[in-house]
Structure formats: C-alpha cells, structure tokens
Amino acid sequence: MDVAAASVRVCCVSGEGEPLGVDFEIPQRREGYAQLTARLRALGREQGDFHLVMEACGGYHRRLAQFLHEQGWQVSVVNAFQVKRFGEVYLERDKSDAIDALTLARYGAMLHPEAWKPIPSKYEALGQRLVQREALQKLRTQTLNRQKALRLCPIEVGAVAERWQVLENLLKCQIRSVEREIAGVVRGDPGWHATARRITSIPGVGVTTAAWLIWLTQDFSTCRNAKELCAFVGVVPHVRQSGTSLRSHTPVGLVGQDEIRRHLYRVTVSCLRYNARIRAFYERVKARRGRHKIACVAATRKLLTIIFAVATGDTPYRD
C-alpha cells in the first residue's frame, strides 16, 4: 500500500511476487479503510492469508496502520530507504503510486518484514509535545533573525518591530509551557522519572534531552547497546572503501533521527561549558583533528554513550 496524504494505492501480489491483477485506490479516510478490507475479503481468501505492507511516511501511514492492526490484519510498516534500494533491483526508471505499491508488495512477499505494533499512548503524548517544542524553537529562531535584520534596516517601522516582539514573546511563553508539560509527563511515569533523574545527573543535560531519548528508544528498550543508539541517532560516520582507490568515510547526518541529533549537538555545545569530561574529550579530538565541528560531533557521540550507560544502569552519573 502506497500511502499519501489524501489517498492510498493498493496492489496485490502472490507469495512469489507475481502481480495478481488487483490494483485500486481508496481515499485516506475511515470509509476508505472499510472499502479496503471489503475488497480484500472479496478476493475469497482468509484474512490470515494477507500480509499488508506500507512505508513509514511522515505520519500519513499511522492511522491506517492502527485501523488494520485493530481489525486483526497482519500489517508491516517498513523503512522507505530499504524499499527504495529494493526497487532498484528491477531497474525501474519511472515513478508512480502504482509502481510504488507494486514494489512494496514485492518487498513484503520476498522479505516478510516483521509485524507492526502501535506504540503505547503515553509515548504518543510525549512525542507530540517534543516535536511541537522543536517546531516552536525553529519559529522563534526565525523571528529573532527577522528582528535582527529589521534593526539593521535604514528605517525601522515601529509597528512592525512591535508585532515581531509580540510574536517572539508568545513563542517564548509557548515553549516554556510545552517544556512544563514534558516535565510533567515524564514525572507522571515512575519508570520514566527514574530514568530521567539518572540522565539529568549528567552536568549539562536536562529533562528535555532525557525525554527525547526516552521517547526515541521507548525507555532504552529498543537498543541493545550504546553503539546501536549512536548509529540510530546518526552520529556515526560510515566507511567507504573499495580496493586501494577508495578509502574514506561519509559524514554524519545523512541517516538517522535529524531532530534528536540536532538537539543533542546543541546539548553537547552546552556541555563544553558545564561538563569537564566532555570538554576534555572535545579538546583531545580537536587537537588531533584540528576542526571544531568534527570534535563536537565526536563529543556528541561520547555524550550519548555516557547517557546510555547511566540510563540503563542503577546509579546516577559520577564524574
């Protein structure tokens, strides 16, 4: 199923990946979901004979996946990058919803991805607040930049400057309000509260950072070690080697969780002032590599490794 904002394209293949001639489109509404299940049942097969596959696509897939899961269908939500690479096997040059749905169907038939499970509602409540805080921070930064640009103009219109200031004050209040809600949600769960207390014992790390990592890892249950967490966030360079002619690394940031990575980078810069251990590590890397940004990225990975150790342990941080 190729999911878009307003519609869902459906294509069926056999267990061997051969098209069955079933190709249709439904609206991205609950009535459309009912049409989908009715048309699948009309094929004369049992519900357990179907494996429904869709991409994770910016949240558009979540309501459909939730509906199908509640109705007892076997549904998988897969990584879009994996499907893109899988589709290249067929040397397909065109792109359309029908082609994407066929590629997803073949991917599911051949690789049998694991079944999708909805995340608990408490993670949804925390995640929406974290994403909103990040969006409000971006808007506030844009507003501050516009105020700065306005002050450098030859003529500064007072009414315009006043409106920008009102907007900046509103955004600041909204950010503080969301941060209080995030702290309240974390305190409301005993397990989260204990994890957050251990994480915030690290100098320079606050409740918002703890909440981001608790939400991302489902309270550190989805990553077996710090290396997996660093790779998932996207602060690990990847090797590029071929014979003797190519020997390099790709920069970080091409894969992983962009929002949490940016947040952790800002936290690391703060830790350079408040955390002696991170500062010392940063100075060693900078002396060896000579660049501030490379040293900051390395320090971010170091900080994330420390956070994982403290969060999954039973004692607070000790320098």
Next on the checklist: Between (i) 19.1, 52; (ii) 22.7, 79; (iii) 24.0, 74, which entry matches Rg and Dmax of the Cα atoms in Å as derived from the coordinates of this structure?
Outcome noted: (iii)
Item to check | Relative contact order for segment 16-75, counting Cα pairs under 8 Å that sit 6 or more residues apart, in percent | outcome: 29 percent
Checklist entry - Given H placed 1.01 Å from N in the peptide plane, which residues other than close sequence neighbours of residue 8 have an amide H under 5 Å from its amide H? => result 26, 28
Checklist entry - Averaged per residue, what accessible area in Å² does segment 160-310 show with a 1.4 Å probe, protein chains only? => result 55 Å²
Next on the checklist: Can you list residues from other chains, or at least 5 along the same chain, whose modelled amide H is less than 5 Å from the amide H of residue 55?
Outcome noted: 3, 78
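Counting only heavy atoms of protein chains, what accessible area per residue, in Å², does segment 24-154 have with a probe of 1.4 Å?
On the way: 8060 Å² over 131 residues.
Result: 62 Å² per residue.
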Checklist entry - Can you run phi through the Karplus equation (6.51, -1.76, 1.60; θ = phi - 60°) for segment 121-129 and list ³J(HN,Hα) in whole Hz, with x for Gly and Pro? => result 4, 5, 6, 5, 5, 6, x, 5, 5
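Using unit Cβ charges (K, R positive; D, E negative) and no other charged atoms, how large, in debye to the nearest 20, is the dipole of the chain about its Cα centre? Before the final figure, lay out each step's value.
Values: 48 positive and 31 negative charges, 439 e Å.
It works out to roughly 2120 debye.
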Next on the checklist: Tell me whether segment 129-233 comes out rounded, prolate or oblate; compute the Cα gyration tensor, take square roots of the eigenvalues as a ≥ b ≥ c, and use a/c under 1.5 as the rounded threshold.
Outcome noted: prolate
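Taking square-rooted eigenvalues a ≥ b ≥ c of the alpha carbon gyration tensor, is segment 168-319 rounded, prolate or oblate, where a/c under 1.5 means rounded and, failing that, a/b exceeding b/c means prolate?
Working: a/c = 1.73, a/b = 1.63, b/c = 1.06.
It comes out prolate by the Cα gyration axes.
Expressed as a rounded percentage, what relative contact order does segment 132-254 have, with Cα pairs under 8 Å and six or more residues apart?
Numbers: 78 pairs, mean separation 17.9, N = 123.
Once normalised by length, the contact order is 15 percent.
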Item to check | Cα-based reach from residue 117 at 17 Å (exclusive), listing lysines while leaving out same-chain residues under 8 positions away | outcome: none
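If packing is taken as the average count of other Cβ atoms within 10 Å, what order do 53-65, 152-164 fall into, highest mean first? The partial results should precede the final answer.
Details: 53-65: 18.3, 152-164: 9.8.
With the highest mean Cβ count within 10 Å placed first, the list reads 53-65, 152-164.
Sort segment 1-94 into rounded, prolate or oblate with this rule: let a ≥ b ≥ c be the square roots of the eigenvalues of the Cα gyration tensor; rounded if a/c is under 1.5, and if a/c is not under 1.5, prolate when a/b is larger than b/c, oblate otherwise. Don't jump to the answer; show the numbers that get you there.
Numbers: a/c = 1.63, a/b = 1.20, b/c = 1.37.
Oblate, since a/c reaches 1.5 and b/c is not below a/b.
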Checklist outcome for this item: Expressed in nanometres to one decimal, the distance between label points 7 Å along Cα→Cβ at residue 93 and residue 246 is 2.4 nm
Checklist entry - Given labels modelled 7 Å from the Cα in the Cβ direction, how far is it in nm from residue 156 to residue 47? => result 6.5 nm
Checklist entry - What lysines sit close enough to residue 84 to cross-link, taking a C-alpha to C-alpha distance under 17 Å and skipping anything fewer than 8 places away on the same chain? => result 95
Checklist outcome for this item: Listed by chain and number, the residues whose amide H is under 5 Å from that of residue 201, excluding neighbours fewer than 5 places away on the same chain and using placed H, are 317
Checklist entry - What list of ³J(HN,Hα) couplings, whole Hz, do you get for segment 222-239 from phi and the Karplus terms 6.51, -1.76, 1.60, once you set θ to phi - 60° and write x for glycine and proline? => result 9, 10, 7, 7, 5, 4, 5, 5, 4, 5, 5, 5, x, 10, 10, x, 10, 6
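Can you pull the percent of segment 1-144's accessible area that's carbon plus sulfur, 1.4 Å probe, other chains left in place? Provide the component values of the computation, followed by the final result.
Values: 4050 of 8200 Å².
Carbon and sulfur: 49 percent of the exposed surface of segment 1-144.
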Checklist entry - What whole number of Å gives the distance from the Cα centroid of segment 20-83 to the Cα centroid of segment 268-308? => result 45 Å
Checklist entry - Normalised by the residues of segment 206-275, what does the relative contact order come to in percent, with Cα pairs under 8 Å and at least six apart? => result 27 percent
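The values are calculated or read from the model by the stated rules, or taken from the named source; none is laboratory data. Keep in mind that this is a model prediction, so the values were computed, not measured. A quick note on method: Cβ atoms are made from the backbone with ideal geometry, for glycine too, and the neighbour counts reach across all protein chains shown. Remember, those area values only see protein heavy atoms, side chains included, never the ligands or the DNA or RNA. Shrake-Rupley method; radii C 1.70, N 1.55, O 1.52, S 1.80 Å.
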